[in-house]
């Protein structure tokens, strides 16, 4: 197992710049998520780490050794593909033992390692079956088996649950996380599903347009997004933005939304111009007689909670409230925000302004 | 909204379909049966009019195919004494004796060497080129592929004269190597295109998985891509072999003594008294066998190969 460090990694495909100067570190034993929308460069980054693409510039360290220009076969890593890529002309046992055969292990050792892996994954009963007839879940397990059998320095997984149906995906996600916890293997996992990333990851890198937008623990990223993109990409429904023209000074603890003053965490930045107040739906509270009000335009019932969409002078916002709280369409409701949870964004650059509350997260990453 | 019936065809429809298939089989197989039948006729029966459907089978045609014979006067025949082998006996009744082996076996061997030689070469070069075109960034890839295809846009015989002159100055005329090279050159474009199609369909992840599992690019190609491409290789091989095996025009033009293949040889089989049709038919029958065996051996792949890509998985 090993630490993986990426420094200023860049990849160009002809004139197209797929990954722009990315840097992050995956600590030993971490379950690390590379998250972003399709085309954001996350898969390219992973493929460079695995040695399936050569970087245009920058360095990749696996266990302290620079491997950027090394062949995939020399990096001692395992890769789980989205489509599993099980060798179709071999049975399950041969698929799992294939990486060991290339290492020149003797037959007895190969057999015992395969048996051990089959036991961990509970696939002993299908070892002699051809891979063609397996169910999605079993294919997934065989693909994992092929990865873990060689005890590599790190596991790389490219949307490994993407080909499974929704119900089963949940189950496999748990299984995968449990497997990781038991083996403690450094794992880099690419996904476009923010829920999957939050659910499974120790740490998340959010990428967009080839740029690392933010890097940190799931909760840090959720609570204190570094950019509007991250705030929108993570969370469902995403963070609300109340756009306004205004100013905030260093040490300031309130912003003025067209006459209404809203308390925010003490600012460490100053900015004048187009700003946006970011608030998570669950931090919007209904309060009769509050200065800021919104008209209800839709209510979605979700069981214990409901999502109420309100029209305000600063744009539509969504609130997540207990479903027993009455909200009827066209009703005017007073709104209040939890001041400790707010983030002010510069609307032009999209970046979050540093405040007392988020400086711990933003200054470090 | 219209619905589509996916019910089983009725009994009458099945009968009708069955009759059509049998009819088609009869039409296509009749010439073949005729040739095979003629091979077992006597020369007189072979040219009888109206054609004889029922005849006394004889292997005279096959004996004639493999031998050269001469007619000798009766006194001389008596001096020779009784024929010792069954084939001697067979020809002796017409007052003919066998003087030696014909060149058919040699021509047939040439066909095998040249046909299979060019097929193997075509597959080896074609697979390598197709893999490269399918997987790597090749500068001017599309232009190169078009150029390769364009070599098939004229009938090969159109360049017979330049090839004849080229072969003469290179010393390739009437050599096995020359014919293998020629047939390979003609077939290679087809082989590259067909195989590229098949290799394109093999997901690149298989090789990437093998690369990560610790194999070199060549090992990944050899151990993972090739087994997947067997279907394509088999059907391509059949197409290449059939062309090289049946090719007549270049063989007539470029070979005579040493490297002549069976197609130009078979029609020239002359019997003691004029054209020997049973021997020609026997030659054609034997000539059919290798391609038939090869196709039957690979038919499972051929069928999949022809319909490959027709249905999205």
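Only one entry in A:146, A:150 is touching a helix residue (DSSP H, G or I) at 6+ places or on another chain (Cβ under 6 Å), in a loop (DSSP other than H, G, I, E, B) and crowded, with 20+ Cβ neighbours inside 10 Å, namely A:150. One residue stands out among those in region A:48-58 that are in contact (Cβ under 8 Å) with a residue 40 or more places away in the chain, outside any loop (DSSP other than H, G, I, E, B) and within 16 Å of residue A:74 (Cα to Cα): the one that is nearest to the other protein chains (Cβ to nearest Cβ), which is A:50.
Criterion applied to B:229, B:262 was being within 15 Å of the chain's Cα centre (by Cα) and either at pLDDT 90 or above or within 14 Å of chain A (Cβ to nearest Cβ) (or both), and the one residue passing it is B:262. Hey, any hits in region A:5-14 for a residue that's within 19 Å of residue A:158 (Cα to Cα) and within 14 Å of chain B (Cβ to nearest Cβ)? The answer is no; no qualifying residue exists. For region A:95-118, a residue qualifies if it is away from chain B (no Cβ under 11 Å) and assigned to a helix (DSSP H, G or I), and the qualifying residues are A:107, A:108, A:109, A:110, A:111, A:112, A:113, A:114, A:115, A:116, A:117, A:118. Going by the conditions given, is residue B:111 more than 22 Å from residue B:283 (Cα to Cα), crowded, with 19+ Cβ neighbours inside 10 Å and touching a helix residue (DSSP H, G or I) at 6+ places or on another chain (Cβ under 9 Å)? Taking the combined requirement at face value, the residue does not satisfy it.
Is it the case that residue A:123 is away from every other protein chain (no Cβ under 13 Å) and either surrounded by 15 or more Cβ atoms within 10 Å (Cβ to Cβ) or touching a strand residue (DSSP E or B) at 6+ places or on another chain (Cβ under 6 Å) (or both)? Here the answer is yes, as residue A:123 does meet what is asked.
Count of region A:311-338 residues, restricted to those that are out of contact with any helix residue (DSSP H, G or I) (no Cβ under 9 Å at 6 or more places or on another chain) and not in a loop (DSSP other than H, G, I, E, B), is 10. When you look at residue A:308, is it more than 19 Å from residue A:247 (Cα to Cα) and modelled with pLDDT under 90, yes or no? Criteria not met by residue A:308. Of all the residues in region A:59-83, those that are in a loop (DSSP other than H, G, I, E, B) and either away from every other protein chain (no Cβ under 12 Å) or under 17 Å from residue B:214 (Cα atoms) (or both) number 10.
Restricting attention to region A:126-143 and to residues that are within 26 Å of residue A:193 (Cα to Cα) and within 12 Å of chain B (Cβ to nearest Cβ), the residue that is surrounded by the most Cβ atoms within 10 Å (Cβ to Cβ) turns out to be A:142.
The values are calculated or read from the model by the stated rules, or taken from the named source; none is laboratory data. If you're wondering where the values come from, they're calculated on a predicted model, not measured in any experiment. In this analysis, Cβ positions are derived from the backbone assuming ideal geometry, glycine residues included, and neighbour counts consider all displayed protein chains.
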